[in-house]
Amino acid sequence: MPATPTSPLTTLTIISLHPAHRRWGLAQMGVLPRQFGQVPGLRFAKLLGSGFDFGLRPNLCRYGLMAVWDSEAAAQAFFSGHTGWQQFRQRSTELWTAYLQPLQAHGAWDGQNPFAYEVTEVAEAADGPVAVLTRASIRPLRAWSFWRAVPPVSRAVTSAAGYVGGIGLGELPFIRQATFSVWESAALMRQYAYGAGHDGRHKDVVRRTRQEKWYSEELFARFRVLRTDGTWDGYNPLLRPERA
């Protein structure tokens, strides 16, 4: 019988390091990425730092790994056997991984759109949880304006209907930033992003992004959450009791 075709897969892992390994974790920002080119089936990967207030204040105990794989088998081989990754596992108090299927992606990340791939097996189209990634290179001369405007909006999102969880991630402090958030449904995510809630603050920031030309490069991607495993701040956000 012919082999069953497999689709590429995107994953986002939130890594919570033990505080005793903060200096080690910071050093890995320059170590682990050099190994990515030798990982079979790995199309794209970024090891990202994180911060409180969606990135404003560094959090040296928390990192993110965003990756695109040729297949789920390639992802699982890395997570279960790669030496550098096992060192993270041994030094972490928690790991949480979301397995994602792109629904929409536009823009660029280092000159490419890593999520613009076709899938051979489309997940059920039911109105289940979705994840949103926004990533931007902030123009240095616009950084002050950006960081004055964004943190209040980022804090407000935590009280939005349908918000499950989120984190600020980044490659370089203050100027190469990303946010990742999970929502109960696409409808509730759109209600926050494009509706009139929260005094229109989110829409105002989007308008200023264009008018003031904050970004030299940006990418927006929306994903269907296929499944998640592990814990993040003590529980799996999609499985916590109040959501049952």
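The values are calculated or read from the model by the stated rules, or taken from the named source; none is laboratory data. The model shown is predicted, which means the values in this text are computed figures rather than measured ones. As a convention, Cβ positions derive from the backbone with ideal geometry for all residues, glycine included, and neighbour counts pool all protein chains shown. Areas reflect the complete protein model, heavy atoms only, side chains present, ligands, DNA and RNA absent. Shrake-Rupley method; radii C 1.70, N 1.55, O 1.52, S 1.80 Å.
Looking only at residues in segment 4-13 that are among the β-branched types (Val, Ile, Thr) and open to solvent by 60 Å² or more (accessible area, probe 1.4 Å), the one that is nearest to residue 98 (Cα to Cα) is 6. Residue 92 satisfies every condition listed in (1) more than 21 Å from residue 172 (Cβ to Cβ); (2) at pLDDT below 95 except (2).
Part of a helix (DSSP H, G or I), open to solvent by 40 Å² or more (accessible area, probe 1.4 Å) and aromatic (Phe, Trp, Tyr): is that true of residue 85 in this structure? Don't jump to the end; show me each part of the working.
Numbers: part of a helix (DSSP H, G or I): yes; open to solvent by 40 Å² or more (accessible area, probe 1.4 Å): no; aromatic (Phe, Trp, Tyr): yes.
Criteria not met by residue 85.
The condition of being assigned to a loop (DSSP other than H, G, I, E, B) and among the hydrophobic types (A, V, I, L, M, F, W, C) holds for only one of 116, 20, 77, that being 116. Remark: pairs (first residue in segment 29-46, at positive phi; second residue buried (at least 18 other Cβ atoms within 10 Å of the Cβ) and assigned to a strand (DSSP E or B); Cβ separation under 7 Å; 6+ apart in sequence or on different chains) = 41/69. Applying the set (1) aliphatic (A, V, I, L, M); (2) farther than 20 Å from residue 224 by Cβ; (3) more than 13 Å from the chain's Cα centre (by Cα); (4) at pLDDT 95 or above to residue 56 leaves exactly one unmet item: (4).
Is it the case that residue 16 is touching a residue at least 60 places away in the same chain (Cβ under 8 Å), of a type outside the set (A, V, I, L, M, F, W, C) and open to solvent by less than 20 Å² (accessible area, probe 1.4 Å)? Write out each step before concluding.
Working: touching a residue at least 60 places away in the same chain (Cβ under 8 Å): yes; of a type outside the set (A, V, I, L, M, F, W, C): yes; open to solvent by less than 20 Å² (accessible area, probe 1.4 Å): yes.
It is true that residue 16 is touching a residue at least 60 places away in the same chain (Cβ under 8 Å), of a type outside the set (A, V, I, L, M, F, W, C) and open to solvent by less than 20 Å² (accessible area, probe 1.4 Å).
With respect to residue 78, is the statement that it is surrounded by 19 or more Cβ atoms within 10 Å (Cβ to Cβ), aromatic (Phe, Trp, Tyr), under 19 Å from residue 228 (Cα atoms) and without any contact (Cβ under 8 Å) to a residue 40 or more places away in the chain true? When the stated conditions are applied, residue 78 passes them.
Quick one: how many residues across segment 61-77 are in contact with a Pro (Cβ under 8 Å, 6 or more places away or on another chain) and farther than 20 Å from residue 26 by Cβ?
In the first step, residues of segment 61-77 are kept if they are in contact with a Pro (Cβ under 8 Å, 6 or more places away or on another chain); the result is 61, 68-71, 74, 77.
Now drop any that are not farther than 20 Å from residue 26 by Cβ, which leaves 68-71, 74, 77.
Looking only at that region, the number is 6.
Please enumerate the residues belonging to segment 23-52 that are assigned to a helix (DSSP H, G or I) and open to solvent by 60 Å² or more (accessible area, probe 1.4 Å).
Initially, segment 23-52 is screened for residues assigned to a helix (DSSP H, G or I), giving 23-28, 32-38.
The answer is 23, 26, 34, 35, 37, 38.
Looking at 137, 154, 71 in this structure, which one is over 19 Å from residue 238 (Cα atoms), open to solvent by less than 40 Å² (accessible area, probe 1.4 Å), polar (S, T, N, Q) and modelled with pLDDT under 75?
It is 154.
Taking into account only those residues within segment 95-113 that are of a type in the set (Gly, Ala, Ser) and not in a strand (DSSP E or B), which is modelled with the highest pLDDT?
The initial filter retains those residues of segment 95-113 that are of a type in the set (Gly, Ala, Ser), namely 98, 105, 107-108, 111.
Checking the rest, the ones that are also not in a strand (DSSP E or B) come to 108, 111.
Numbers: 108: 90, 111: 93.
Here the answer is 111.
Is it the case that residue 227 is basic (Lys, Arg), modelled with pLDDT of 90 or more and more than 21 Å from residue 193 (Cβ to Cβ)? Against the criterion (basic (Lys, Arg), modelled with pLDDT of 90 or more and more than 21 Å from residue 193 (Cβ to Cβ)), residue 227 qualifies.
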